[in-house]
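Input: a single structure, listed below in structure tokens.
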């Protein structure tokens, strides 16, 4: 059967292509745009000042940076606090979590605004896992042995734990500030299981702290490999964003650039 195209039909097809092709090209351009909003999530026994050295480096490059202030009263409260900040952003978000904050972004990162996840010396549990259960196969680290319970279920680090295990590679003055600003953390938060792991469907990056005394470096390496994350290994303590802020900031910016995104693991 022959199909005859009239001059009018050809005109209509040309008009349709003229309308559709620019839209497709524009959609592709939007999909490959770098992320402008970076949300930083601190871990246990800390606060938003954990990112004090990274924030100005990111802002200098034009990023819009916001630090979540986790209440550390429960896992649900911390996820809610993070989602609240995600919701306040205008456009796509790169979510960055340190330590226990990695578990928080693993849950909160399911928000459709979140385009990628960066873990910094962090926990990255899978569905049905918690921060506490993820660390059990590796035994108690030196820092964990310095945790002390309070009467209401909260945990604090001893001065030795902060100075010698949490951040031993920082100048003593900076370690003293970490000790003074330590935020007690509800122990139950560390045992709350993940319902849906965002790194299963979204690209992830992982900073491995090879001298970490809070989370086993082996755990960080194995976790990052399981996630299919792009990794950066630094010879630091548990706080690479404070001891090596430039390297961490550069790695975050690389993740935000939208180039060479790692592929999430197959479910």
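Nothing in this text is a laboratory measurement; each read-out follows from the coordinates by a stated rule. These numbers were taken from a predicted model, which means no experiment stands behind them. Using ideal geometry, Cβ is built from the backbone for each residue, glycine included, and neighbour counts are taken over all protein chains shown.
Summary table below
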item: Cα centroid separation, the stretch 244-258 to the stretch 62-131 (Å); result: 17
item: Cβ-based exposure ranking for 243, 130, in which fewest neighbours within 10 Å come first; result: 130, 243
item: Mean separation of Cα contacts under 8 Å (6+ apart) over length of the chain, as relative contact order %; result: 21
item: Counting DSSP beta bridges with both ends in the stretch 35-256, the antiparallel % (nearest 5); result: 15
item: Long-range Cα-Cα pairs in the stretch 65-116 (distance over 18 Å), rounded percent; result: 18
item: On Cα atoms only, tilt of 245-256 relative to the major axis of the chain in degrees; result: 30
item: Calculated [θ] (222 nm, deg cm²/dmol) that DSSP helices of n ≥ 4 give over the chain, each run adding -39,500 (n - 2.57); result: -10500 deg cm²/dmol
item: Viscosity 0.692 mPa s, temperature 37 °C, Stokes-Einstein D of the stretch 194-267 from Kirkwood C-alpha radius, µm²/s; result: 254
item: Rounded to 10°, Cα long-axis angle of helix 7-31 versus longest principal axis of the chain; result: 10
item: Convex hull projection area averaged over all views, the stretch 129-267, Cα basis, nm²; result: 9.1
item: Expected-Rg normalisation [2.2 N^0.38 Å, Cα atoms] applied to the chain; result: 1.19
item: Residue order, fewest to most surrounding Cβ atoms within 10 angstrom, among 127, 83; result: 127, 83
